[in-house]
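Some notes on the structure that comes next.
The values are calculated or read from the model by the stated rules, or taken from the named source; none is laboratory data. Computed from a predicted structure; not experimentally measured. With ideal geometry, Cβ positions are generated from the backbone for all residues, glycine too; neighbour counts draw on all protein chains shown. Heads up: the accessible areas ignore ligands, DNA and RNA and are worked out on the full protein's heavy atoms, side chains in. Shrake-Rupley method; radii C 1.70, N 1.55, O 1.52, S 1.80 Å.
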Amino acid sequence: MHFAGSHILSVQQFEKEDVERIFTVADRMAPYAHRRRVTNVLDGAILGSMFFEPSTRTRVSFGSAFNLLGGEVRETTGFENSAIAKGESLYDTARVLSGYSDVIAMRHPQEGSVAEFAAASRVPVINGGDGSNEHPSQALLDLYTIRSEIGASGRKLDQLRIAMVGDLRHGRTVHSLCKLLCQFSGVQVVLVAPEALRMPAEIVENLRSTGHKVLESDQLEESISAVDIVYSTRLQEERFSTQEEADQYRGRFCLNQSIYTRHCEPNTVIMHPLPRDSRANGRELDDDLNDNPNLAIFRQADNGLLLRMALFALILDVVEQVDTHARDVNWYTGGRF
Ligand code: NCD
């Protein structure tokens with residue numbers, strides 16, 4: 001695809017070579033994300049960051065990624081702080097805010113809303129999550145993380161074995177990740193969910209019709225015994241009509257160190273888009289996994305910076321200028337990465 005000026009709305013807009021291109025650019029962002037170098041290639045540019053649903057990592061890492069490239073961020077969070085609460089349409093909001101920004105990152109609870117906004121925007125829009133539909137930048141950082149975690153032991157994305165666990169019906173990260181995995185060959189996906197929270201049929205069908213093996217189960221232990229990756233997810237309680245309805249699935253699949261030791265292969269990598277629910281009745285990934293070297297969740301979150309920097313550099317067409325506008329940092333950076 002042609003990246004310059006493009007919206008990023010769904011992973012389905014990418015060919016395999018586009019994903020490779022994004023990953024190559026992401027690799028080049030490491031000295032900046034890891035605070036060894038600074039670049040001001042986006043000096044003067046403004047990111048409009050519009051998050052109408054709770055967000056920590058996606059919102060902050062989009063903002064930090066833009067700052068790390070030398071740009072500035074203007075932020076709107078929550079409907080209550082926006083004129084949408086006064087009845088303004090997405091169309092009007094997009095027409096106005098795209099005059100104030102060079103690129104926009106947006107999250108919204110309704111499926112399709114970010115695409116609707118993008119259609120009226122005069123600048124590129126990146127989907128930071130539209131309801132249960134898609135979360136393309138998360139899927140890219142997830143796939144990048146999978147590649148680097150399994151790559152360390154010589155394994156490849158082709159023939160990947162992955163278990164996705166939890167609320168697969170509402171989880172937009174797993175929807176986008178499954179769509180992206182269709183680009184590879186011989187992938188085995190084990191989908192672990194309660195009957196009512198199974199992965200949407202068209203996404204399963206899409207995987208099968210592109211030649212991948214899909215198993216569905218509602219048993220955690222047996223499903224994680226022969227996989228490279230366990231990708232755990234949070235119960236998306238905000239997508240249920242009542243709290244009681246959500247509560248019946250809370251705490252259903254809890255992975256802890258003892259289950260890991262008994263059932264997983266020794267180098268199975270544990271991932272989660274985060275936030276994990278650390279409340280006593282949640283705990284889909286127990287805190288006792290924190291010292292497990294295969295717990296990749298914080299490396300995964302760190303990779304969000306690389307991927308989001310890469311997307312900005314590609315969309316604003318500055319990839320080749322990043323290094324020519326750079327210098328070493330002035331401050332002590334320690335051994336953070
Ligand atoms: C996810 C999301 O918002 O879809 N979080 C994230 O962006 N890293 C997952 C979740 O909220 O459970």
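For segment 105-113, the condition of being basic (Lys, Arg), at pLDDT 95 or above, buried (at least 16 other Cβ atoms within 10 Å of the Cβ) and more than 21 Å from the chain's Cα centre (by Cα) holds for none of the residues. Checked against (1) within 24 Å of the chain's Cα centre (by Cα); (2) under 21 Å from residue 172 (Cβ atoms), residue 73 passes all but condition (2).
Give segment 1-28 a look and list any residue that's open to solvent by less than 60 Å² (accessible area, probe 1.4 Å), more than 18 Å from residue 316 (Cβ to Cβ) and not hydrophobic (A, V, I, L, M, F, W, C), or say none. Matches in segment 1-28: 10 only. Residues that are more than 14 Å from the ligand (Cβ to nearest atom) and not small (Gly, Ala, Ser) do not occur anywhere in segment 271-278.
Report, by residue number, each residue of segment 106-129 that is within 16 Å of the ligand (Cβ to nearest atom), without any contact (Cβ under 8 Å) to a residue 60 or more places away in the chain and not in a helix (DSSP H, G or I). Give the derivation first.
Within segment 106-129, the first condition is being within 16 Å of the ligand (Cβ to nearest atom), and the residues that meet it are 106-114, 126-129.
Imposing the further condition that a residue be without any contact (Cβ under 8 Å) to a residue 60 or more places away in the chain reduces the set to 106-108, 110-113.
Answer for segment 106-129, where residues must be within 16 Å of the ligand (Cβ to nearest atom), without any contact (Cβ under 8 Å) to a residue 60 or more places away in the chain and not in a helix (DSSP H, G or I): 106, 107, 108, 110, 111, 112.
Filtering segment 29-52 to residues that are assigned to a helix (DSSP H, G or I) and surrounded by fewer than 16 Cβ atoms within 10 Å (Cβ to Cβ) leaves only 30. Does any residue of segment 289-302 turn out to be touching a Lys or Arg at 6+ places or on another chain (Cβ under 8 Å), part of a loop (DSSP other than H, G, I, E, B), open to solvent by less than 50 Å² (accessible area, probe 1.4 Å) and within 16 Å of the ligand (Cβ to nearest atom)? Within segment 289-302 (the criterion being touching a Lys or Arg at 6+ places or on another chain (Cβ under 8 Å), part of a loop (DSSP other than H, G, I, E, B), open to solvent by less than 50 Å² (accessible area, probe 1.4 Å) and within 16 Å of the ligand (Cβ to nearest atom)), the answer is no, since none of the residues qualifies.
From the list 55, 82, 64, the one residue that fits, being over 17 Å from the mean Cα position of the chain (by Cα) and either surrounded by fewer than 19 Cβ atoms within 10 Å (Cβ to Cβ) or away from the ligand (no atom under 14 Å from the Cβ) (or both), is 82.
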